[in-house]
Amino acid sequence: MKTVKIYDTTLRDGTQAEDVNFSVEDKIRVAQKLDELGLHYIEGGWPASNPTDERFFKEIHHYALKNAKITAFGSTHAVSKNADNDQNLKSLIASGVDVITIFGKTWDIHVKEALKTTLEKNLELIKNSLLFLRPKVKELFFDAEHFFDGFKENKEYALACLKKALEGKADVLVLCDTNGGTTPSEIRQIIREVKKELPHASLGIHAHNDSELAVANSIIAVEEGAIQVQGTINGYGERCGNANLCSIIPNLQLKLGYTCLPEDNLRLLTSTSLFVSEVANLPSFHRQPFVGKSAFAHKGGVHVSAVRKNPRTYEHIKPELVGNKQRILLSDLAGQSNILFKARQYGFHLDKNDPFVLELLAKLKELESQGYEYTAAEASFELLLNRVLGRARTYFTLENYRVLETKRKKEEPISEATVMVRVGGMLEHTAATGKGPVNALDNALRKALEKFYPCLKEMHLIDFKVRVFSSLNRDLAGTASKVRVLIESGDSKHRWITVGVSFNIIEASRQALEDSLNYKLFKSDQEKLTKALKEASEGF
């Protein structure tokens, strides 16, 4: 198996995405996670460009990485300076790393219009910058910026730039599709021409995703002999992003027989993807191949029936290989196979002809036709399943509730909720205020219930989403539309999502809140039962 070196540039290219901003502490955490994954190189940033990157290089030396080499990034020296008095090159050396990457212009339009210099002078910049750095580092890479565009417009000059980089003793020439507009067939053709001209050069690939081809272009480059692939986790990067390593690595390793990560480390890919998105404070992309939440999710009844017999029928790899898992979804497209699978997940081994299965399927389709969504709100579905099977206890009944909103001039609105809750034979009537009507209702419900169920103090709201349903009926459109509320709650051990639907946003929120409280109580009872059975068996 051939080895392909993976060069991660999430901490530099990734931060150029408009929604991504890493602190020094964030960058240290991400670097440690990428090292744990087993990447070969982690580009820490451009020391001369900003204080954050400069501080990162000072801090990272205090951490012992096991797999990755930290690299520093910069440019060829300024046109007005020499290599030995250029501050940018000095800052790269001062970063104290063993690996440096510099980029240089290889498209003549950039040389003339961006650098405002001659083509010959640019060749000197490339060679002299690399020769200056060469004795001071163990590995030296040259990013041939805009190489493919440059090659298409002035082939001789683009190749001349690569030759100067070799004279400067660069270890790898990284061919960059900086504008992200090159097609796979062009990548293949151009790399073959480069290899004919420079048969002994080691090549790398750095692709941007402006044409949704960065992953494909990177894989083509490897097939044509590239030994290094540059990219980012989750494809973060400027404009449409960079080549997504979360897709490149498993394709190369599982399908094409290349070694990219240490043995068994591929199973860390999904958790690494989620970790980076969490640190970046961005929602994870559910439909991302390999590592997305939906990558191995099955919804249609025919599909579910097939994957239950043999997962290969609708899964191109085993999800566990990349640390992901198979998921069976519930919707109005669901068949009995979906119900049976989900029931088994919750400990119920039912037959497809069981009347409970038919009742649950009918109930599910009826509710989803009204707008309920159980694909995400699996806690609400688990409660529904147990209610239909007669396994759910009635913890409380909300007899009545009222929410009042008061607004005075120049003051924040005041929200107050009053509830009447029956627990067993007792009726609790109480009120509470809150920051908005949903918070007030939540506070009032907790105030009424916590004396009976102290465990409710452990839970808290994590996320709250509202979706408006459009309707062709004008009387049911606009502000009269139905809304779906999804509430994510959690405690120290678990997180769960519940759903509510109504024309009234307060009522929809009430349904989701009530389900969330019931689910916490239901799981608490299950944990108590499990603990009691364990203690009894140990005693026996």
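The values are calculated or read from the model by the stated rules, or taken from the named source; none is laboratory data. It should be emphasised that the depicted structure is a prediction, and the values quoted were computed from it without experimental measurement. Don't worry about glycine lacking a Cβ; one is built from the backbone with ideal geometry, like all the others, and counts go over all protein chains shown. Remember, those area values only see protein heavy atoms, side chains included, never the ligands or the DNA or RNA. Shrake-Rupley method; radii C 1.70, N 1.55, O 1.52, S 1.80 Å.
A few notes on this one:
- Put L282, L385 in order of accessible area, highest first, and with a 1.4 Å probe you get L282, L385.
- Karplus-derived 3J(HN,Hα) values for region 55-66, using 6.51 cos²θ - 1.76 cosθ + 1.60 with θ = phi - 60°, are 5, 4, 5, 6, 6, 5, 5, 7, 10, 8, 7, 8 Hz; glycine and proline are entered as x.
- Dipole of region 1-89, positive direction: furthest Cα of A17, F57, I6, with charges on the beta-carbon: I6
- Student exercise, region 370-519 dipole from Lys, Arg, Asp, Glu Cβ charges, in Debye to nearest 20: 220 debye
- Against the empirical curve 2.2 N^0.38 Å, the C-alpha radius of gyration of the chain lands at a ratio of 1.22.
- Global form of region 218-324, assessed from the alpha-carbon gyration tensor, a/c cut-off 1.5: oblate
- Solvent exposure of the chain as accessible area per residue, Å², 1.4 Å probe: 48 Å²
- Counting only Cβ charges, +1 for Lys and Arg and -1 for Asp and Glu, the dipole size of region 153-277 around its Cα centre is about 180 debye.
- Coupling constants for region 240-257 follow from the phi torsions by the Karplus curve (6.51 cos²θ - 1.76 cosθ + 1.60, θ = phi - 60°), and in residue order they are 8, x, 9, 4, 8, 5, 5, 9, 5, 4, x, 5, 5, 7, 8, 10, 10, x Hz; glycine and proline get x.
- Prolate/oblate/rounded call for region 1-151, Cα gyration tensor, a/c under 1.5 rounded: prolate
- Relative protection proxy for 151-162, 409-420, from highest mean packing down: 151-162, 409-420 (other beta-carbon atoms within 10 angstrom).
- Dipole axis of the chain (+1 Lys, Arg; -1 Asp, Glu on Cβ), positive-most option in A31, L266, I462: I462
- Count Lys and Arg as plus one, Asp and Glu as minus one, and take only other residues whose Cβ is under 12 Å from that of D463; the net charge is then +1.
- Measuring between their Cα centroids, region 366-395 and region 97-147 lie 62 Å from each other.
- Report note on the peptides 61-71, 220-230, 180-190: ranked by the mean count of other C-beta atoms within 10 Å, highest first, their order is 220-230, 180-190, 61-71.
- Local electrostatic count at T76 - Lys and Arg +1, Asp and Glu -1, tallied over other residues with Cβ under 13 Å: +1
- Region 365-448: C-alpha gyration tensor shape, a/c 1.5 cut-off, then a/b vs b/c: oblate
- Computed magnitude of the charge dipole of the chain (debye, nearest 20; Cβ of K, R +1, Cβ of D, E -1): 880 debye
- When a 1.4 Å probe is rolled over the protein heavy atoms, the share of accessible surface on the chain that falls to carbon and sulfur comes to 50 percent.
- Table column - 3J(HN,Hα) (Hz), region 503-511, Karplus curve with 6.51, -1.76, 1.60, x for Gly and Pro: 6, 9, 5, 5, 5, 4, 5, 4, 4
- Net charge over other residues, Cβ less than 12 angstrom from the Cβ of E320 (K, R count +1; D, E count -1): +1
- Each of K81 and K195 was given a label point 7 Å from its Cα along the Cα-to-Cβ line. The distance between the two points is 3.9 nm.
- Exceeding the 21 Å Cα-Cα cut-off - candidates K2/K127; K325/K520; K127/K155: K2/K127; K325/K520
- Farthest toward positive dipole pole in the chain [+1 Lys/Arg, -1 Asp/Glu at C-beta], among Y41, N439, G241: N439
- Here D143 sits with roughly 0 square angstrom of accessible surface, probe radius 1.4 Å.
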